[in-house]
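These notes are about the structure you will find just below.
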Amino acid sequence: MARIWLLVFLFCAVTACQRQDQQNADSDETKLKATQPDIAAAPAGQLTDTAYPLAYELQLRIDPRESSFGGQVKIDIELAEPADGIWIHGQYLRVSAVNLYTADGNESEASYQEVLPSGVAWVGFGREQPAGRISLQFEYQADFDQNLAGLFNVSEQGHNYALAKSESIQARKYLPGFDQPGFKAPFTVALTIPKGYSAIGNAPEVSRTSVDDGFDLVQFATTPPMSTYLLSLAVGPFDIVVRPDIPANEYRDFSIPLRGIARSGRGDELDYVLDITPRYIEIFEQELGLPYPFRKLDIVAAPAWPSGATELSGAITYREQRLFLGDNAAPKARLDLLSIHAHEIAHMWFGNQVTPPWWDDLWLKEGFATWATPMVLSLFEPDGGHDLNGLERNFGVMRTDSLASARAIREPIYLNEHIRNAYDGITYSKSQAVIHMLDSYFGAEKFRRALGGYLQTYADGKADSQQFYQTIGEQTGTPELTDVFKDFVEQQGVPLLDVQLDCDAAAGVELTLGQSRYRPLGSSIVTDEFSWSTPACVRYPSGSSTQVQCGIVTRENPDLQLTGDQCPEWVMPNANGSGYYRWQLSTQMWQNLLDNFERLSPAEQLALVDSGVAGFEAGHLDTALLLQVVGLSAQAPVHQVVQAPLNALSRYIDTVLPAAAADDLREQLTPVYLAVLERIGEPSEESLILLRNRLLDFLAITLQYPPARGLLAEQAMRFTGFNQPRDPGALASDLYQAALTVAVQDIGADFFRFLINGSVDAIDDPRFSGLLPIALGRFNDAELLPEARAYSLSDDTGPRESYDMISSMLKNQALRAEHWQWYQAELPVILDKIPSQWRRRTPRVADIFCSEDRIAELQSLFSQYGDQAPGHELALQQTGESIALCAALRAAH
């Protein structure tokens, strides 16, 4: 009997084990299914709202001398609903472990898998987690990036540095997390770095302790809530220049520590930017009525950086040539510094304190920072002409906005690959122009205080366009302001006002401003596709003075009633140049206005030049009137107006006109601009020095004027020490590019080889180094083709410098056909070499062509290699359209 019971027991035990094994297998299969991502559901653009980061704790070991870095990050997360996993961002990360912690103290393993090439990753929990708070801790390593994106390392003058370039979606290359602007959370960062090195973060350093193996642990204070694209990580043997704190004031109850950071031995070159920073902060706080929002301000001059600057919170980081004025600082270098610094400081409020939730609202940070630049500079230097510099940008962007394929300021962005397309002149300069128009029309006192109210409402948070419109409308009590904003922000194109003067109207003198979309020759634009509520102001004579009449005109209500009963002799349709529109007049009205050119303000003269060029390119204005506009602008007393037509004239000569016609135009223009040079002589005033340098460039490069070329070539030889002792003071920095270009072309192969063989390496001038590749690309000697191509792609040439040189090669008429053939053959190699975030731009190198045959070649090229340039589609479309418009203009003139 005992044996029978033993057999029964064994049978039951085995059966139970089998059942338990099956249950375990079923559980493992269920767990496996829960862990695996549904790749089809991976978000190609915005992440879902399933999870939101609450806080980051980041610990990294960064040694710029090595090829990789590593550490861990713990992210506190709020789950909005039950989930068995979440989508986050991560790209090229080697994640070795993921641990999940629940609010009740349970710990389990999770999984990590990168799913999309754009850096979308799945974190599987292994089982469903209820809604509420969890934490994820990642252990990982990654390689330093070699294309100036994410966390990269560089060597400069024998020293190694590591820096993080996170905007717009590059933080995912060194940090698993929520790499999306609306996902703001505080960061607590600790970095282990080599002894003797410095570390720069977004918050003040709170401690530094020694650890073994020759490293220190640097701990930073916790930041306010911020987006990943604003994260600062910089490590290296930096010079650190400590300035007195910016003192507390009526807006701020704390002082701001101010420092400058530069590579070893270059700290002294930060004196100027540090000198002007306290006044900039003061102006912004006064104009917005709000305090600077961070607890420190570092100005970082990066030895390498893919863009001009990035507004990392509390640690604004610049490509060093934008801050180092050098020994031969010319006016443009100083003005460029003033401008970019104002723009980046503006971001501390616009973008950093109040952040767009997604990239389709990028204009709320970039547009307002661009608008704030001339506003602040005009208060910083009231007589500096900064308002006119701002208007130059406003009118300049209208050329892009005249394309049928132009973006609206705000457009949906569905794919990560298309985010960088929003970083263009439309977002920056058109936004600036629209904001300036409304600031001017409704009044700075009302508009700027409303902006302060908007920033205060959403401080440390996020706001989209609809929230902005609503808040500004409420703050100003002006609902029509919201209507204007929406029309100009959410529609592409430039309004064209067709101006008709009726001096016999029943109600008196009446001006009709008919409205359509501006359309250049050859364009497919439908002119009545859009209509705008346009704030329009016109100036006209009234006795011995002038009068301004304003109103918001629409297609349905196009009339402005002018005061007085006298028919004005002339009308300026854009008083003060503040409107974002172009205009057309009858031939007689044009002539009357030109006859009174001197009575217009410089801003109005800029508007006139723009509408004159636009009228010519639309077929509304003949060549004689255009040349009259050019001649009058050359006689203007301010450099911005004299320079206003030069870009268009260069385009006509270099691209649009056949060779003989281009030579004829050169012959007509040379005496016009020589007369300007003779008039200004050897100036000491900054604005006239700017003008002289710009005209020397134009005469030498575009007009091919031999004496100007000889002068610049001689200065280039002396400055570089070619066949003579070097004279560091021989060449102003504003003329580096023009002088080096002329010398490369006119002296030829010997000078080209002198520049690339190391002879100028001792010139440690970042502006010179940055412009040198552009000049090298302009060589005319076909013998140099193999050497130039090899140099442009060599390891000794940086990614950005490679892009600049290759783009410049295509702009050179002499060897354009050879360069284009090589570019098509080597595009995959070129794409691999240049900065990753610039690959989308590569179709634009072909915008120098004026034959529609090239469009098919360009399209064929990118149908073959476009997958290596994510987001290239807009650049391809716009370049093809630009070529077609050029061909149409050539045919007409």
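Here are the numbers for this structure:
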| read-out | value |
| --- | --- |
| Filter result for the condition that a residue is touching a Pro at 6+ places or on another chain (Cβ under 8 Å), surrounded by fewer than 21 Cβ atoms within 10 Å (Cβ to Cβ) and in contact (Cβ under 8 Å) with a residue 12 or more places away in the chain, over 844, 890 | 890 |
| Count - residues of the range 229-242 that are in a strand (DSSP E or B) and either open to solvent by less than 20 Å² (accessible area, probe 1.4 Å) or closer than 24 Å to residue 419 by Cβ (or both) | 3 |
| Listing of strands (runs of 3 or more DSSP E) fully contained in the range 135-207 that carry 3 or more residues being surrounded by fewer than 20 Cβ atoms within 10 Å (Cβ to Cβ), modelled with pLDDT of 95 or more and in contact with a Cys (Cβ under 6 Å, 6 or more places away or on another chain) | none |
| Number of the exception - residue 864 against (1) touching a helix residue (DSSP H, G or I) at 6+ places or on another chain (Cβ under 7 Å); (2) open to solvent by 10 Å² or more (accessible area, probe 1.4 Å); (3) part of a helix (DSSP H, G or I); (4) over 28 Å from residue 761 (Cβ atoms) | (1) |
| Selection from the range 423-474 of residues that are among the small types (Gly, Ala, Ser), in contact with a Ser or Thr (Cβ under 7 Å, 6 or more places away or on another chain) and closer than 17 Å to residue 366 by Cα | 425, 429, 431 |
| Among the residues listed as 857, 881, the single one being in a helix (DSSP H, G or I) and touching a residue at least 60 places away in the same chain (Cβ under 8 Å) | 881 |
| Where residue 100 falls short, out of the listed (1) crowded, with 19+ Cβ neighbours inside 10 Å; (2) over 32 Å from the mean Cα position of the chain (by Cα); (3) among the aliphatic types (A, V, I, L, M); (4) within 26 Å of residue 836 (Cβ to Cβ) | (4) |
| Output for the range 749-791, where each listed residue is under 17 Å from residue 728 (Cα atoms), assigned to a loop (DSSP other than H, G, I, E, B) and open to solvent by less than 10 Å² (accessible area, probe 1.4 Å) | 760 |
| Selection from the range 306-321 of residues that are modelled with pLDDT under 95, within 14 Å of the chain's Cα centre (by Cα) and either open to solvent by less than 10 Å² (accessible area, probe 1.4 Å) or under 16 Å from residue 736 (Cα atoms) (or both) | 306 |
| Tally of residues being under 30 Å from residue 145 (Cα atoms) and assigned to a strand (DSSP E or B) across the range 243-268 | 5 |
| Meets criteria (within 30 Å of residue 152 (Cα to Cα), among the hydroxyl-bearing types (Ser, Thr, Tyr), in a loop (DSSP other than H, G, I, E, B) and out of contact with any Pro (no Cβ under 6 Å at 6 or more places or on another chain)) for residue 794 | yes |
| Any hit, the range 527-549, residues being surrounded by fewer than 17 Cβ atoms within 10 Å (Cβ to Cβ) and in contact with a Cys (Cβ under 7 Å, 6 or more places away or on another chain) | yes |
| Odd one out for residue 490, checked against (1) open to solvent by 60 Å² or more (accessible area, probe 1.4 Å); (2) farther than 28 Å from residue 399 by Cα | (2) |
| Every residue from the range 797-834 that is more than 24 Å from residue 154 (Cα to Cα) and either among the aromatic types (Phe, Trp, Tyr) or crowded, with 18+ Cβ neighbours inside 10 Å (or both) | 808, 809, 810, 812, 815, 819, 820, 822, 823, 827 |
| Any chance residue 613 is open to solvent by 10 Å² or more (accessible area, probe 1.4 Å), under 25 Å from residue 692 (Cβ atoms), free of Cβ contacts under 8 Å to residues at least 60 places away in the same chain and out of contact with any strand residue (DSSP E or B) (no Cβ under 7 Å at 6 or more places or on another chain) | yes |
| Residues being over 27 Å from residue 389 (Cβ atoms) and aromatic (Phe, Trp, Tyr) - total across the range 639-673 | 0 |
| Leading residue by the ranking (surrounded by the most Cβ atoms within 10 Å (Cβ to Cβ)) among those in the range 41-96 that are part of a loop (DSSP other than H, G, I, E, B) and among the hydroxyl-bearing types (Ser, Thr, Tyr) | 50 |
| Condition met for residue 403 (among the hydrophobic types (A, V, I, L, M, F, W, C), within 21 Å of residue 609 (Cβ to Cβ) and crowded, with 24+ Cβ neighbours inside 10 Å) | no |
| Every residue from the range 440-453 that is closer than 11 Å to residue 371 by Cβ and either aliphatic (A, V, I, L, M) or surrounded by fewer than 18 Cβ atoms within 10 Å (Cβ to Cβ) (or both) | 448, 451 |
| Flag if residue 870 is in a loop (DSSP other than H, G, I, E, B) and either touching a Cys at 6+ places or on another chain (Cβ under 7 Å) or of a type outside the set (D, E, K, R) (or both) | yes |
| Tally, over the range 769-801, of residues that are polar (S, T, N, Q) and more than 24 Å from residue 717 (Cα to Cα) | 1 |
| Qualifying residue in the range 373-396 (condition: of a type in the set (S, T, N, Q), under 20 Å from the mean Cα position of the chain (by Cα) and surrounded by fewer than 22 Cβ atoms within 10 Å (Cβ to Cβ)) | yes |
| Residue within the range 274-294 that is of a type outside the set (Phe, Trp, Tyr), touching a residue at least 12 places away in the same chain (Cβ under 8 Å) and in contact with a Ser or Thr (Cβ under 9 Å, 6 or more places away or on another chain) present | yes |
| Residue that is part of a helix (DSSP H, G or I), surrounded by 23 or more Cβ atoms within 10 Å (Cβ to Cβ) and among the hydrophobic types (A, V, I, L, M, F, W, C), where the choices are 301, 342 | 342 |
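This table checks each residue for (1) more than 26 Å from residue 892 (Cα to Cα); (2) open to solvent by 20 Å² or more (accessible area, probe 1.4 Å); (3) in contact (Cβ under 8 Å) with a residue 40 or more places away in the chain.
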{"position": "654", "(1), (2), (3)": "no, yes, yes"}
{"position": "659", "(1), (2), (3)": "no, yes, no"}
{"position": "662", "(1), (2), (3)": "no, no, no"}
{"position": "673", "(1), (2), (3)": "yes, no, no"}
{"position": "679", "(1), (2), (3)": "yes, yes, no"}
{"position": "688", "(1), (2), (3)": "yes, yes, yes"}
{"position": "702", "(1), (2), (3)": "no, no, yes"}
{"position": "706", "(1), (2), (3)": "yes, yes, no"}
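A quick yes/no check of all residues on (1) among the aliphatic types (A, V, I, L, M); (2) farther than 21 Å from residue 398 by Cα; (3) buried (at least 22 other Cβ atoms within 10 Å of the Cβ):
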residue: 564; (1), (2), (3): no, yes, no
residue: 585; (1), (2), (3): yes, no, yes
residue: 599; (1), (2), (3): no, yes, no
residue: 605; (1), (2), (3): no, no, yes
residue: 608; (1), (2), (3): yes, no, yes
residue: 626; (1), (2), (3): yes, no, no
residue: 632; (1), (2), (3): yes, yes, no
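The values are calculated or read from the model by the stated rules, or taken from the named source; none is laboratory data. Nothing here was measured: the structure is a model prediction, and the numbers come from that model. Glycine gets a Cβ as well: all are built from the backbone with ideal geometry, and neighbour counts include every protein chain shown. All accessible areas refer to the heavy atoms of the entire protein, side chains included, with ligands and DNA or RNA removed. Shrake-Rupley method; radii C 1.70, N 1.55, O 1.52, S 1.80 Å.
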